[in-house]
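Read the figures in this text as sums done on the coordinates, not as results from a lab. Quantities reported herein were computed from a predicted structural model and do not represent experimental measurements. Cβ sites come from the backbone with ideal geometry, for glycine too, and all protein chains shown count toward neighbours.
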Amino acid sequence: MTATIMPANLTPKFMQDGQLQPDDLWPLGFVNQCQQVSTSFEPNYRSSSRSILWAIVLTYGWRFAFVGLLQLGAIGGTLLGPWVLRRILSAVESTSDKSSFDVASILQLITLLFVVKVVQAVVSARANLENQVIAVRITSALQHLLFQKAVALDARCRRDKSAGEIANLFSNDIQWIINFSVFANQLWLIPVQVLATTTMLYDIIGWATFLGTTRSVFMDRKDRRMKCVNQVFGAMQTIKFNAWEDKFGAKLTDTRDAELSTLWRIFTLASASTAVLYLGPVLVTIVSFATYTILMHQQLTATKMFTVLTLFNLLKFPLSGLPAIVASMMQALVAVRRFTEFLSLDEKNPSNLWTPTTTPSHQVAGYKAQNMDIVMENASIGWDAAKPLFKDVNLKVKRGEFVVVHGSMGEGKSSLCAALLGEMDKYEGTVFVGGRVAYFSQQAWIQNMSVRENILFGHPYDRVKYNNVLAACALSKDLTLFPAGDRTEIGQKGVNLSGGQKARISLARACYSDADIFILDSPLSAVDAIVQNEIFTKCLLGLLRHKTIVLVTHSPEIIASKFIDRIVEVKDGKLVQKVVAKDANHPILVAPLAARKGYTATDEDVDLESSPPSSFTDNVSLITPTSTTPFPVNFETQLFTPAVEFSGQTFDENPVASGRLVLDEVRSKGRVSAKVFEGYMQAAGGWWVFASWMVYLSIWQSLTVAGDMWLSRWSGTAAVVSDATFLDQSGFYMAIYASLSVGAVAMTVFRTLSIYASGIRASRTLFNQMTTSLLRAPMSFFDTNPLGRVLNRYSNDMNTVDMGLPFGLSGLTATAFITLFSLGTMIYVIQYMGLLLLPLLYAYAAIGRFYVQPAREMERVNKTTKSPLLNLISESIEGVLVIRAFGDKQLRRFQRQHYRNVDTNNEAAFASQVLSMWFSLRMQLTSAFVLLVVASSLVVLRDYLSAGLIGLALNYVFTVLGNFEWIVTQWSQMETAMVGPERVSEYCSIEPEPPRVISGAVAKDWPTNGDIAFTNMSFRYKENDPLVLKDVNVHIQSGEKVGIVGRTGAGKSSLTMALFRINELAGGSIKIDGVDISRVGVKTLRSSIAIIPQTPVLFKGPLRNYLDPFGEFGDADLWGCLDKVRLADRIGGVEGKLDSPVEENGENFSVGERQMLCMARALLRQARIVVMDEATAAIDHETDQNLQRVIRTEFASSTVLTIAHRLDTVLDADRIIVFDQGRLAQCDIPAALIDAGAGIFFELCHEGGYLDKVVSSQSVE
């Protein structure tokens, strides 16, 4: 019978010992998979004027109706109980002669009730299963719409919506909609149940029966908190470099306090709602009984009294659920509104860019005749139509041309690239791109996967082409240094790579795509002169010889090269072009990729792999492109390429070691530890708080049971006193009953507010502990744990702590005490017959124990599978420009990967619900047996019990049976909900960095000189990794200006990590002013050194807060520093000036401007030690030279360490330190290193054309 309700192999699966794994779950059926669900849902969404609610009704309305009919049948079974109770009590009261009592007919009624309860259990299980199928499909449909929108937003909307806000939509908002979808039918079923129950009441006591947006604010504040979390933990390295943990910890606390204040209002309203819920039936009961006895002068017999009480209790269940359902509906409506707002945001306008398929045929013919790949004709482009960035610009690039773009900082070079990608708004004219595009973004975007997977980017592996790309991008040598070659895993945002390595892997990704047109935004700024020359000759002039190239660069050597076709200078919104007399005789060092003929259709080939090869599992790809959208609604089956094609090979085909960097997410085993429960209770206020709950609950139920016993006593007087006496005493009995009942309601308020207040206290404590622990965690933690995991802790797990646990605790404790006192009263009545209940109670406990373990494991799997989902979303949003630039195939590939993550998470969620139904069905069947035993026992004991006691016992048995199931369900939900604080607690106990402040270690004004001594210093990024710096010995004098150079990946930036103690040294020491930095608190150390990092990070908020985070300087100081870095005019020209907003990730500033803002902040601090890590890589040479003069003036007395690939920034340094493969290879004044006539520095200067500059600067001196 149950095989059609749930999978037949359910029980064996959950009887397995050990930790449950995602692979242990059965896969979703084809029709429930995300790809297939979106096939049916998206057309309805688009045809319903993009209304989510209407699309859900159109797609799943018939399923909701079917579920409603099943639930209506279950309600009919519920209402049979009071009818049978009335028949039994009526027979007992009306029968004075024992022999005339018709036992057979009463037992038949009881048997009928048993059969109906069994059928009711099966029907309810089927209804619940159908509800969960609907929930899975709605989840998939909404996930599809959200992801599709997230990667389609235009530039302006992307800046307005952070990854944290969007992640909140993917997790919490979808859950609110799903929660309501499960209970949607109750909105009409509850009135039906109330109407049916009221009709039965009227039949018994007549007309006396009838006398009886905060959520939106909360979600908005949760959004602000998640945005702040994403911003903070997405830039932890910058925060640690500047010792800003306390500042951002306070910022997180502020957003959290605002959120919790709204949560307390929700809890207060919930408590008031609960009080009204309990008070309503009490008042109706009092008024009904009083009216019936006092006004209508009717005798209230036990039959009527306890039948009415049972019916009122039945009314209590739907009415008790009504506030929660209404609240769920309000939550869902808020979520739908937020969804609608997000889905209505502007998308990238396809008319911004013409392609061969969208351009009028006559123009395409003209471009084809002229062999044009890129055409801009009279184009006006920008972010604001009133002030376009480019106006009436013209640019034509023929197929195979090599065009170099340069210009001063902030002139719009990256904006020109964005325009060629269709990412900027076009107001007038034409922008045409005639082929497949590969794009290199100015800030290299790297995925958290292996080197090979980053380069392949979903394309099939071609060994020859792959090795050619590695050689052309100067990666072959680097891969020999990686622990697992090209299968070495790259951490979040490329944390384990140097800036040059990230750039070259991103360039290799572009090259391997074999596109027609390459738009490369500053790919050479992060590499040294030797590597730059190698990439220029092997890649740009070799591998891409037959391709169309638009290269943005500041390199004078490339701008002056005779091997390019044209130079374009971006200046004042114009494109100043210059044709170069090209020398076509450059030797080809790497076999070029094939040239193309004609225009290439953007989607002419098969779709790409949708998942990284290393995590491949058998599945199907179900998307076929259409001409209207990269996210089509028609699907066909297409198998993935077998994983074997990608395994067992590196670039040199040799076996390699494991290259794992990111660790699998830790998942606890077995029962939730008692320490987790204890930790939660301590966070909630301690065990005395728990004791107070017990007192409130005991008083509440004592008053409730006393009231019911009082009614039993009152009904018992009907048989021993006259009607007149009964009516005279009614006022007294009713007054006592009313007092007891109202007292019980008052205790309800106390108990709920006490639990909710404790929940708020626990939420605040655990949040603060987790935040403090994460902010104090070493950087290695963030290297091995993707941002998606942290976001998951702060969204799903904290949501469980915030709301799931307080509401769950309130419901569980209330149900447990109701059941305990009801069961005690029932056993008191039936006495020794209660022994018959013991085996059945044992059955309840056994089923409960069997259920709790897999339910707990299911919750862990569910939460664990959520992290990859959020991580891909965060990664895709960050790299959306690159993904879109590579074409619709890449968008579909990421969409399919998202589908698979959604399905994996849905499998866990669905399996969890099926398990819950399995349990519910067995509990209801057991309850039917208990009802059969108790009712039969009461019939047998009818001669020894009054009708009042029989009525009281039967009334309680109906209450207890439902509560037994709820207790085990709620306990299981409680234990699975405790997985939330369990996972939060894991992040509360991360091994911290060394102490932030060590009292008395150094003077307050340390360092006063800036003297730095490295002695036998060795450094690695994590334990057991190879050393990246080895036995470094150098003494840097106070005030000395030192240039640090070397080939890319030589260990230059690692020196910065060692100096700032981002990781601890593997050996040796570093001393500043004679003090070993290992004896100085990390906050003291880092706040004493200023750094301008290689990758500038700007935080959203007022510009003033970024420049002066602690409000230490006046406006004059801020303007002075902005003037020194040539940004005063730029900032002075925007609304708000110093208070103007910095958008998400500083998107309203160019990368060069962001670096200058970092420099301005460093100038304000006037630190004794300043580290510049490729700080001027993204600015033009003129601005760079001016900045060097500022540095020499402003930091004249400071020790300055300048890490540089552009050697002209360090040629006037006091000394040059040269690194090679982690060792200090050379250290001397620049002239001496040149005079040696050999060595790495000499080679770098020779390759970069700097030898003459060194000689001339030396002669001037």
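In this rough spin-label picture, where each label sits 7 Å from Cα along the Cβ direction, the K247-A365 distance is 6.3 nm. For I1036, neighbours were defined as the other residues whose beta-carbon sits under 14 Å from its Cβ, and their charges (Lys and Arg +1, Asp and Glu -1) total -1. Stretching the chain fully between S989 and K675 yields a gain of 111.8 nm (0.36 nm per residue, less the alpha carbon separation). Rounded to the nearest whole angstrom, the semi-axes of the ellipsoid equivalent to segment 500-560, taken from the Cα gyration tensor as √(5λ), stand at 17, 13, 11, largest first. Packing, taken as the mean count of other beta carbons within 10 Å per residue, orders the peptides 847-857, 884-894 from highest to lowest as 884-894, 847-857. Across segment 376-438, Cα-Cα pairs more than 20 Å apart make up 24 percent of the total. Take each peptide in 507-516, 338-347, 739-748, 439-448, count the other Cβ atoms within 10 Å of every residue, and average; sorted highest first, the result is 507-516, 439-448, 739-748, 338-347. At an R0 of 41 angstrom, the distance between the Cβ atoms of I1229 and R1079 translates into a FRET efficiency of 0.80.
Taking 0.36 nm per residue of separation and subtracting the current Cα-Cα distance, fully stretching the chain between R713 and H1035 would add 106.4 nm. Once you reduce segment 1181-1199 and segment 992-1014 to the center of their Cα atoms, the two points are 26 Å from each other. Once each part is reduced to its C-alpha centroid, what is the distance from segment 353-387 to segment 544-566 in angstrom? Cα centroid to Cα centroid, the span is 23 Å.
A protection proxy built from the mean count of other Cβ atoms within 10 Å ranks the segments 858-867, 1161-1170, most packed first, as 858-867, 1161-1170. Spin-label pair R337-N1016: with each label point 7 Å from Cα along the Cα-Cβ axis, the two points sit 6.8 nm from one another. Building the convex hull from the alpha-carbon atoms of segment 1132-1183 and averaging its projection over directions returns 4.7 nm².
Cα centroids of segment 1103-1149 and segment 1071-1093: 27 Å apart. Can you return the lysines within cross-link range of K387? Criterion is Cα-Cα under 16 Å, with same-chain partners fewer than 8 residues away left out. Cα-Cα hits under 16 Å: K426, K571, K574. 3J(HN,Hα) along segment 918-924: 3, 5, 4, 4, 5, 5, 5 Hz, from the Karplus curve 6.51 cos²θ - 1.76 cosθ + 1.60 with θ = phi - 60°, whole Hz, x for Gly and Pro.
Treating r as the C-beta distance of N1024 and I998 and R0 as 41 Å, the FRET efficiency rounds to 0.90.
Length gained on full extension, V464 to V1134, computed as 0.36 nm times the residue gap minus the Cα-Cα distance: 236.0 nm. Looking at the square roots a ≥ b ≥ c of the eigenvalues of the Cα gyration tensor of segment 119-184, which shape do they give, rounded for a/c under 1.5, prolate if a/b is larger than b/c, or oblate? In terms of gyration-tensor shape, prolate.
When its C-alpha radius of gyration is set against 2.2 N^0.38 Å (N residues), segment 1065-1210 gives a value of 1.09.
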